[in-house]
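Have a look at the structure below before the remarks.
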Amino acid sequence: MPIRQLPAVVVNQIAAGEVVERPASVVKETIENALDAGATHIEVLVEGGGIDRIEIIDDGCGIPMEELPAAVASHATSKVSSLEDLQHIATMGFRGEALASIGSVARLEIRSRPREQDAGSVIVVDHGDTSVPTPAPCPPGTRVVISGLFGRIPARRKFLKTAQAETTRIRRVIRDCAAANPEVSWLFASGGRTLLDLSVTTPRRRLEEVLGSEMSGDMLEINDAEGDISVWGLVGRPALARPTAQHQLLCLNGRPIVDRSLRFAVREAFRGLIEPNRHPTCAIFLSVPPDRVDVNVHPAKTEVRFRDDRLVFSLVRRALEATLSKADIVPSMRRLGEGSTHKVRPATTSAQLFGARSSTGQSVSAPEARAVMASVPQTAEVPVIDAARSALQIHRMFIVTEDAEGMLIIDQHALHERVMFERLLSRISTSPLPSQRLLVPEMIDAEPQSIEALMSIGELLERLGFDVVQGGPSVLVVHAVPSLLAERRVSIGPFMTDLLDRASSLLNMADEETALRDVLDMMACKAAIKAGESLSDIELADLLRMRETVERSSNCPHGRPTTIRLTIEDLERQFGRR
């Protein structure tokens, strides 16, 4: 078959396949044009989920009649004029493909009037056929109407969802753009029903409006910078974590984006505060000089590439961690049958002293308890408590104690796991973990690719206290392990098998620090006190003391709660006192 130049309409339809995926894509491209035109008010009206009709009205600068043909032509734009301009893109759009692509798969009508002119004009593109622009009545700004999307391309139309599903996607696009542009008022209506009506407001207020005003009391502000890169936004407390990432908004220089690295930075900041299958609620706004980011890597302009990707990653994670570290969050139980909620409670201080109990159940005063514990040799890993409060082990799984606000129920394994993780993390930040050689090397059978991946992170393993070598194509030989694993009598074979299974994902993580935390998670989990282990009074007191000395003690490294509080008010309700 001979090589031929494609007709313009085919070229535009191919481009439409990349740019115009569904009605939400049409809305996104059109409102980005409105924002670039300086609009301060944007209305989006849709019928049939945008499949039947989409109307976008803005009060921007408008388009002169003589420029309307160029506006609907392929690769025609006022935003880029030279190759150098691509290195400093500060506008929402710049490709000049959107309107031409939309006009090739739908009927497109544009009415526009520049603010300084007395009359407007109109042009129509009907599935690739372009009319001559003519004068038409029009208020200042631009009105774009798209109807019959994919009407002549049934193969594309059949992949669209229901009208309700498409409307939901459109609403999400408008929500994200509205969140990034609080200086613009927005109206979104579907089938004559108003779904969004947002006035000009402050950035924080706009985020509370689009994320849900009911969350406002549980949203924490983040604010940090490094050089000429800054981050600001709101992040929800762990209790607001959702099953999906739909309540996460990432914006770069006012542009909503999708970035796996930034989402991972968010997850890392919440590591140990939420369960792995939950997603934090957040809205994060990055400001990066245009010449340090490439937005020209995806036709839909939703993906970007940072020149300093590690710097941006660490800045976002650091900002989130700094904000979250200020909140001591303990789940609070409410009346049975009403479910549970999460509230912020002040950290209990060691100055709030209560009596301890002996193994016989007799009450022991705090000075007596301190005297007993002083006779026990102290270790670097488990410091002896210098103050005691009453504590009771339930079914060798939970610890019940009290604080100034009520009763605390503690998961002994989860709490000890958090304590060990934080102490290992603190120690390895200054020096490698101590190692203990095995009397007899452990031989582990494994897949060659898993061994290869594990050996690729050899420096990380050395920091952790492992000494491993490849003994053959499918054999890993373990000569030494971290002292903690040996002291806690952790079975080395199963642990190394689990580590081999995770080797590939560890190798592909964003940085060594992230991989390090992941292995420390495993070590802390395996070495921690297990459910079913009986604890002495001194061990109970030690564990309670350690709870007050480590960060994020309210959750284990995997995100499960370590502690639940039953307040005095909750107890009074249970007994009918309230």
## Note on the structure
Residues of the stretch 232-288 being touching a strand residue (DSSP E or B) at 6+ places or on another chain (Cβ under 8 Å), assigned to a loop (DSSP other than H, G, I, E, B) and closer than 20 Å to residue 521 by Cα, in sequence order, are 272, 273, 278, 280
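Here's the yes/no breakdown for (1) touching a His at 6+ places or on another chain (Cβ under 6 Å); (2) assigned by TED's automatic domain parsing to the domain that holds residue 553; (3) closer than 25 Å to residue 546 by Cα; (4) at pLDDT below 85:
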residue: 395; (1), (2), (3), (4): no, yes, yes, no
residue: 398; (1), (2), (3), (4): no, yes, yes, no
residue: 410; (1), (2), (3), (4): no, yes, yes, no
residue: 427; (1), (2), (3), (4): no, no, yes, no
residue: 443; (1), (2), (3), (4): no, no, no, no
residue: 462; (1), (2), (3), (4): no, no, no, no
residue: 471; (1), (2), (3), (4): no, no, no, no
residue: 480; (1), (2), (3), (4): no, no, no, no
#### Entry: Condition broken by residue 559, with the remaining ones in (1) surrounded by 17 or more Cβ atoms within 10 Å (Cβ to Cβ); (2) in contact with a helix residue (DSSP H, G or I) (Cβ under 7 Å, 6 or more places away or on another chain) satisfied
(2)
### Message
Testing residue 211 on (1) at pLDDT 90 or above; (2) crowded, with 17+ Cβ neighbours inside 10 Å, one condition comes back false. Which one is that?
### Response
(1)
#### Entry: Options 486, 541, 528, 524; residue that is touching a Cys at 6+ places or on another chain (Cβ under 9 Å) and more than 25 Å from residue 264 (Cα to Cα)
528
#### Entry: Residue under evaluation residue 130, criteria (1) surrounded by 23 or more Cβ atoms within 10 Å (Cβ to Cβ); (2) farther than 25 Å from residue 163 by Cβ; (3) at pLDDT below 95; (4) hydroxyl-bearing (Ser, Thr, Tyr), criterion not met
(1)
### Query
How about the stretch 146-226: which strands (runs of 3 or more DSSP E) wholly inside it have at least 2 residues that are farther than 26 Å from residue 242 by Cα and outside the structural domain of residue 23 (by TED's automatic domain parsing)?
219-226
### Task
Kindly establish whether residue 218 is farther than 25 Å from residue 36 by Cα, in contact (Cβ under 8 Å) with a residue 12 or more places away in the chain and in contact with a Lys or Arg (Cβ under 6 Å, 6 or more places away or on another chain).
yes
#### Entry: Selected residue (only one of 519, 478 is hydrophobic (A, V, I, L, M, F, W, C), touching a helix residue (DSSP H, G or I) at 6+ places or on another chain (Cβ under 8 Å), part of a helix (DSSP H, G or I) and surrounded by 14 or more Cβ atoms within 10 Å (Cβ to Cβ))
519
### Long-range neighbours under 7 Å by Cβ, at least six apart or interchain, first residue over 12 Å from residue 316 (Cα atoms) within the stretch 255-283, second of a type in the set (Phe, Trp, Tyr)
280/270
### Task
For residue 550, indicate whether it is modelled with pLDDT of 85 or more and either at negative phi or not in a loop (DSSP other than H, G, I, E, B) (or both).
no
### Query
Can we say residue 550 is in the same structural domain as residue 409 (by TED's automatic domain parsing), among the aliphatic types (A, V, I, L, M) and under 30 Å from residue 311 (Cβ atoms)?
yes
### Task
Can you confirm whether the stretch 360-369 contains a residue that is part of a helix (DSSP H, G or I), over 14 Å from residue 537 (Cβ atoms), in the same structural domain as residue 567 (by TED's automatic domain parsing) and at pLDDT below 50?
yes
## Note on the structure
The condition of being under 21 Å from residue 426 (Cα atoms), in contact (Cβ under 8 Å) with a residue 12 or more places away in the chain and over 35 Å from the mean Cα position of the chain (by Cα) holds, among 515, 486, 524, 528, only for 486
### Message
Would you confirm whether or not the stretch 493-500 contains a residue that is within 22 Å of residue 455 (Cβ to Cβ), surrounded by fewer than 18 Cβ atoms within 10 Å (Cβ to Cβ) and at pLDDT below 85?
### Response
no
#### Entry: Close pairs from the stretch 412-432: first among the acidic types (Asp, Glu), partner surrounded by fewer than 17 Cβ atoms within 10 Å (Cβ to Cβ), Cβ under 8 Å, at least 6 apart
422/550; 422/551
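The values are calculated or read from the model by the stated rules, or taken from the named source; none is laboratory data. All figures in this text were calculated on a predicted structure; none of them were measured in a lab. As a convention, Cβ positions derive from the backbone with ideal geometry for all residues, glycine included, and neighbour counts pool all protein chains shown.
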